[in-house]
1. I'd like to know how the range 381-459 sits against the 2.2 N^0.38 Å rule of thumb: what's its Cα Rg over that expected value?
2. Residue separation times 0.36 nm, minus the C-alpha to C-alpha distance between residue 30 and residue 85: what's the value?
3. Just report the Cα centroid separation between the range 349-373 and the range 261-333, whole Å.
4. Taking R0 as 35 Å, what's the FRET efficiency between residue 436 and residue 457 from their Cβ-Cβ distance, rounded to 0.05?
5. Considering only the other residues whose Cβ falls under 13 Å of the Cβ of residue 137, what net charge follows from Lys and Arg at +1 and Asp and Glu at -1?
6. Amide H neighbours of residue 387 under 5 Å, counting only residues 5+ apart in sequence or on other chains, H built in-plane at 1.01 Å?
7. How far apart, in nm, are the 7 Å Cα→Cβ label points at residue 167 and residue 46?
8. In the range 75-209, if the dipole is taken from +1 on Lys/Arg beta carbons and -1 on Asp/Glu beta carbons about the Cα centre, which of 110, 153, 138 is farthest to the positive end?
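None of the figures in this text is laboratory data; all of them are computed from the coordinates on show. The structure displayed is predicted, hence computed values, not measured ones. All Cβ positions, glycine included, derive from the backbone under ideal geometry; neighbour counts span all protein chains shown.
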Amino acid sequence: MESRLTNRTTAEKDVDSVLHPYTNLVRHQDIGPLVITHGKGVRVFDDKGNDYIEGLAGLWCTSLGWGEERLVEAASAQMRRLPFYHLFSHKTHDPAVELCARLLEMAPVPMSKVFLAGSGSEANDTALKLIAYRANALGLPAKKKIIARDKAYHGVTVATASLTGLVNNQRSFDLPLPGIIRAACPHHYRFGKPGENEEDFATRLAEELEAQILAEGPDTVAAFFAEPVMGAGGVIVPPVGYFPKIQAVLDRYDILLVVDEVICGFGRTGQMFGSTTFAIRPDMMTVAKGLSSGYLPISALLVNERVYGPVVEESGRIGVFGHGYTYGGHPVSAAVAVETLKIYAERDILSHVAKVGPALQQGLAALRGHPLVGEVRGVGLIGAVELVADKTARTPFDPSRGIGALVVGKAQAKGVILRAMGDSVAFAPPLVISEDEIAEMLRRFGLALDEAHGELSGG
Ligand SMILES: Cc1ncc(COP(=O)(O)O)c(C=O)c1O
């Protein structure tokens, strides 16, 4: 019998052996994978030597780009010193402590404690568990429902996929779990009423949220989850004044605000956190991705005293806080995260984003006149272009035509990797990208857009 390993290319072995996340598994059998072999700066290279500008920083995470030797050094030094230890039952180690202390210092609002985990999903899952634990601690066992928004993305575990408001994360997985309330998506272009400006739209959404809370019973609603800019839902930038209005409603009914900064954290929106960009005061905040520039898996959940106080009491009553992941706060990941945060500070990554962000936003804005482009949106170094069948009427394409995927496929052939979320094409390049590289990325994308338009209009 022929081995799966001998005399086969990486691509052939892949098709035989790998179950791919976020992939049409039938199509994968036909087209096989793109094999990425290495990266440098904002570029990655495939096994045929083609280069690609990574317009999404991998999965919105590789903020420092590829080939950052300081992170390699931090990992190998820690690997030699202490490759594994954990934080269970009163143990600790330097990298985890250093990281938590730094995160508390950087937090956009006063926070009390940091819990370390391995992924964005785990951090959000932990937030959900703490919300239940806290409600029980406070003697409010009915106050446990969670509000999350349409098109939200908070992860893919059973619980966090239930928060996520995207159909493909739930369909056929028997999700969502009960106890999740769906609030409206704050996308003005799509859901604003005719003549309604952004601020009025935000006011209406806050009023609708209040009506939902009253209908459910405020004594049953524990928390509201939100990404500052919704990422995987299509890079949706909140309308003017949205978060302060939402937060005022939550405050009225003693509902916690959990801010998912997994994409927005560490400079993506132009401030260190999306919470600062959009005037949000989180009670709990999750971070991942840019925390280690994606070099190693790590995430964190920050909680304020309102959350931490009751949790401590409950653990004292029970005798243990019975939650923790083997790899939560892994010393090598934590050492790389600490080094990443040092680099952000030393190189003043926020000033760099302030300098080059306008090149991305203006470059995208220049595409507004393109016949396929309905809306362009973004902030800092994150943005999206929404493709439409009819610009004036804002008519979307029939989703089954996969126009977003078509354009992204053409962009890849022209040397830029982007991501289609439906018919919105997302941009979130490494934060270290230069203005020239932004121009080149947009030039390659523009060629793809023109080619797609030519084909679609029969040209
Ligand atoms: C906003 C947000 N939250 C949570 C997650 C889940 O993170 P992970 O894939 O590390 O579990 C993601 C992943 O893209 C995300 O974008």
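1. Against the empirical 2.2 N^0.38 Å value, I get 1.11 for the range 381-459.
2. Contour length minus the Cα-Cα distance gives 15.5 nm.
3. 30
4. 0.65
5. Once all neighbours under 13 Å are counted, the net charge is +4.
6. Hits under the 5 Å cutoff: 374, 424, 425.
7. 3.0
8. 138
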